[in-house]
């Protein structure tokens, strides 16, 4: 991940409704939630939520799929992992092993079995 992509992702998260939607989708796991359900739970009008979800998707933080008449949104675990890794890769004065436990604990619980790269964690 590069600086421009990171800024885009952080900018997408730097708004209350988008951050709430992202956190809700993190909680929902790989199954995700229908756009209408996200709007209902967050009490956001559908058209407003649609714009927020598009921004998060364009930033590489969400994926979507169609199921019947619904669009299901879920976290893009690879994009989220890339963002977290980028933010922490130069930590601890060149001793990234000091930050590894943080990344491992964040990513192993939420993303185990959810990555799309085919690599088992």
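The values are calculated or read from the model by the stated rules, or taken from the named source; none is laboratory data. If you're wondering where the values come from, they're calculated on a predicted model, not measured in any experiment. When we count neighbours, we look across all protein chains shown, and the Cβ atoms used for this are built from the backbone with ideal geometry, even at glycine.
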_Can you say whether residue 9 is surrounded by 15 or more Cβ atoms within 10 Å (Cβ to Cβ), in contact (Cβ under 8 Å) with a residue 24 or more places away in the chain and outside the structural domain of residue 105 (by TED's automatic domain parsing), as far as the supplied structure shows?_
yes
*Do we find a residue being surrounded by 16 or more Cβ atoms within 10 Å (Cβ to Cβ), part of a helix (DSSP H, G or I) and not assigned by TED's automatic domain parsing to the domain that holds residue 104 anywhere in segment 64-72?*
no
*Within segment 87-106, can one find any residue that is surrounded by fewer than 16 Cβ atoms within 10 Å (Cβ to Cβ) and touching a residue at least 60 places away in the same chain (Cβ under 8 Å)?*
yes
*Look at residue 59 and say whether it is within 17 Å of residue 82 (Cβ to Cβ), free of Cβ contacts under 8 Å to residues at least 60 places away in the same chain, within 13 Å of the chain's Cα centre (by Cα) and buried (at least 16 other Cβ atoms within 10 Å of the Cβ).*
yes
